[in-house]
Structures are given as C-alpha cells and as structure tokens.
Amino acid sequence: MISFRRSLLVLFFPVLLFICGCFSSAVAQEIDVSPLPGLDVNLAEAFAKHYKPVPEDFIVKMPSYILPLDYSEVSNLKSVESKYLTNSEAKDFLAKHGFVIVRGHMV
C-alpha cells in the first residue's frame, strides 16, 4: 500500500509542476511599477509643493567629543571592532571622523 502511494505521488508531482509552469508563464506580463503610472511628474517638485518647514523648538543637550577619538573612552569598542572594523582603514577613519560606514552583515 505504501509503495502504491509513493508511486502515485512520484507520478502526480511532475504533472503538477508541469501544469503550474504552464499557467505561470501565461500569466507573466510586464507591470508598470512607477509611482505614478502614465504620468510624467517630477516627484521632488510634487513633494515641494506640499512641504512646510517645521520650526525647531528644542535644544540639543548631548555631550560632545573631541576628534580624533580616544578609543579608551569608547564603550563597546571590542564588540563593534570584531564585527565591523575588520581592517585598519575603517578603524582609522572612525578615529579621525567619529563615524565610519562599513558593509553590514547579520550579527
């Protein structure tokens, strides 16, 4: 009985794949995914018409830091260094500018 079910499944599966392949290729078509299909609009200008600046009514109270960075005062440096600062160029850039952009990966 099990071998009959297995045989039936082995025969049915390729037929199912063939049918799905036929339908999916018939449905495939090019779709316009532009923000405003059929209209020639400059999005920056369209946005600018509705933009109203918001006045800043706050004062930033953050401690500043001096460049180049003193690595002895950076928290979590070992964790960040092992995951992101894999070459000396990135670490030097961080010290000089206070930030660095590196390629990310799953942590």
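Only the coordinates and a few stated rules stand behind these numbers; no lab work does. These numbers were taken from a predicted model, which means no experiment stands behind them. Glycine also receives a Cβ, built like all others from the backbone with ideal geometry; neighbour counts cover every protein chain displayed.
Tabulated data for the structure shown
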{"quantity": "Fewest-first sequence of Val41, Val74 by Cβ atoms within 10 Å of each Cβ", "calculated": "Val41, Val74"}
{"quantity": "Likely footprinting exposure, Leu43, Leu85, fewest C-beta neighbours within 10 Å first", "calculated": "Leu43, Leu85"}
{"quantity": "Pair Asp70, Asp92: separation of 7 Å Cα→Cβ label points (nm)", "calculated": "2.3 nm"}
